[in-house]
Amino acid sequence: GSTRFYDFKVQTMRVTKLCNTKEIVTVNKMFPGPVVYVQEDDRIIVNVTNETPYNATIHWHGVRQKLSCWFDGPSYITQCPIQAGQSFTYEFTMVKQKGTFFWHAHVSWLRATVYGAIVVYPKTGVPYPFKQPYEEHIVILGEYWLRDVLQLEQQVLASGGPAPPADAFTINGHPGPNYNCSRNDVYRIDVVPGKTYLLRLINAGLNMENFFAIANHKLTVVEADAEYTKPFTTDRVMLGPGQTMNVLVTADQTIGKYSMAMGPYMSAQNISFQRISAIAYFQYLGAVPNSVSLPAKLPNFNDNLAVKTVMDGLRSLNPVDVPKKIDANLFVTVGLNVNKCRSKTPQKNCRGMNNGTFAASMNNISFIKPTISILEAYYKKIGGQFTVDFPGAPLQFYDFANGAPNNAPNNTQAINGTRTKVLKFGSRVQLIFQDTSTVTTENHPIHLHGYSFYVVGYGTGNFNPQTANFNLIDPPYMNTIGVPVGGWAAIRFVADNPGVWFMHCHLDIHQSWGLGAVLIVENGKGELETLPHPPADLPRC
Ligand code: C2O
């Protein structure tokens, strides 16, 4: 492959949206940020300079960072933040990876406006495994906040209560006509009748999973999380934050204006949120520009069955090599809890009480970020930053298949910790995520850095090894899996990429509350199995 250079300047910019002018953080004063266009096996070098007063890092979501863990980007996991006025150069190769990815800030809630697409084309001369589209379009689903998001995160954590919803959903940064002052702040794709279009969907939203549909048009899913899938035709799709999906759409309707809609999927109970959809237009050339658009139908906000239908449709296109034997089998509960104290320093005995503050956890451990990066601490053998006791003893959990509990005892509440699991190079790993909670169950988009994984099974209720149905033939190969509300999901992968890899819920509010843990994959024997030395310009904390 070739080497592609990019210059990312993290800068503030004034924007006017929803009748309101404010400053947002961007890359190169673009919102969404610049698109990185490369090819499979290309080397990508991005010099990131932070010209804002805030901390910044950039994560290359879905890029497996083979032997390049130092450039993965999550703050306090693989690097310290790039401080105001500093720069850091990210360098990595798209080893055997192609498809739709995205980059985003990975510190605090900066991701709200700091994101952009990464499009990795197949090697020259290699066609898509489906009909060549007439045109391709990037469609990024996002959320927009009138308040300063960094302050908002602090306020939400300090309040101990839930996070307020975004002020608008957006498609490529545009809320569309359902929102105040946004009649002209709308994204539009002009289409030629009869042609087929490839839409590269990305959910870059902060705190909400979303449905997407186009009025009167079918979507044929051909790729999920940058891996080809068996073509699957549907009226709508659902993407959790962190998920990408390529869909083909044929302009097979009569000339007119059709709406593309993005709206929330929120399975939790008793949560109030923004239910207005973001709208963009799918407009036929020759249609009157200001003609009334046909509205797209989205499922109800709590339509779990619609989500299952999309999941059921995702199958790897080509035969896959799923690990059959398992060396490390981890059972991980994911969910929301109440916790007495969230703080920067791990407090082992900080057990919550009723009326505590909201927390989220894996196996009842609420993840606290260390003071230097875990990768640096691990590499330099600096003690006191993390423990190696994840996932810990199996925990008692409750059957939430029939709704949220009202009798959960206090001892299920989260304690704080910075826990990691150390895996031998080459070990075959299975993780079973079980959604459970003492607050309310909901679908959690769990993302693993450094790997894609086979989603071998999922279901509702509690995981039961006797009755669980596994697909070892053509499971999708993903990097973010929505663990069904009150249910479970099982993933498998081979730990062949040494480094320190964050695993977390991609809803940022849950990440802020501690829904995460870290996998450390040890070096193998050969040179191509060993993590390189840290780069000279690695930011310091
Ligand atoms: Cu896209 Cu750790 O995130």
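The values are calculated or read from the model by the stated rules, or taken from the named source; none is laboratory data. What you see is a predicted model; the values in this text were computed from it and never measured. Ideal geometry is used to build each Cβ from the backbone, glycine not excepted, and the neighbour counts take in all protein chains shown.
Residue pairs whose Cβ atoms lie under 9 Å apart, sitting 6 or more positions apart in sequence or on different chains, and linking a residue in segment 57-73 that is touching a residue at least 12 places away in the same chain (Cβ under 8 Å) to a partner that is among the basic types (Lys, Arg) and more than 9 Å from the ligand (Cβ to nearest atom), are 64/96; 66/96. A count restricted to segment 494-515 and to residues that are out of contact with any Cys (no Cβ under 7 Å at 6 or more places or on another chain) and within 16 Å of the ligand (Cβ to nearest atom) stands at 14. Could you tell me whether any residue of segment 226-233 is surrounded by fewer than 18 Cβ atoms within 10 Å (Cβ to Cβ) and more than 24 Å from the chain's Cα centre (by Cα)? No, because not a single residue in segment 226-233 is surrounded by fewer than 18 Cβ atoms within 10 Å (Cβ to Cβ) and more than 24 Å from the chain's Cα centre (by Cα).
The set of residues in segment 230-268 that are in contact with a strand residue (DSSP E or B) (Cβ under 6 Å, 6 or more places away or on another chain) and of a type in the set (Val, Ile, Thr) comprises 233, 234, 237, 244, 247, 249, 250, 255.
Residues of segment 481-511 that are closer than 17 Å to residue 59 by Cα and either within 17 Å of the chain's Cα centre (by Cα) or in a helix (DSSP H, G or I) (or both): 501, 502, 503, 504, 505, 506, 507, 508, 511. Residues that are of a type in the set (S, T, N, Q) and assigned by TED's automatic domain parsing to the domain that holds residue 281: list the strands (runs of 3 or more DSSP E) wholly contained in segment 205-259 that include at least 1 such residues. Result: 209-214, 219-224, 227-234, 244-250. Selection within segment 29-49: residues that are in contact (Cβ under 8 Å) with a residue 24 or more places away in the chain and in a loop (DSSP other than H, G, I, E, B). The member of this set that is farthest from the ligand (Cβ to nearest atom) is 41. Which numbered condition trips up residue 168, out of (1) under 23 Å from the mean Cα position of the chain (by Cα); (2) over 22 Å from residue 21 (Cβ atoms); (3) at pLDDT 95 or above? Going through the list (1) under 23 Å from the mean Cα position of the chain (by Cα); (2) over 22 Å from residue 21 (Cβ atoms); (3) at pLDDT 95 or above, residue 168 breaks only (2). Determine, yes or no, whether residue 519 is of a type in the set (A, V, I, L, M, F, W, C), away from the ligand (no atom under 12 Å from the Cβ), within 16 Å of residue 426 (Cα to Cα) and in a helix (DSSP H, G or I). Criteria not met by residue 519.
The selection criterion, being among the β-branched types (Val, Ile, Thr) and touching a Pro at 6+ places or on another chain (Cβ under 6 Å), holds for residue 57.
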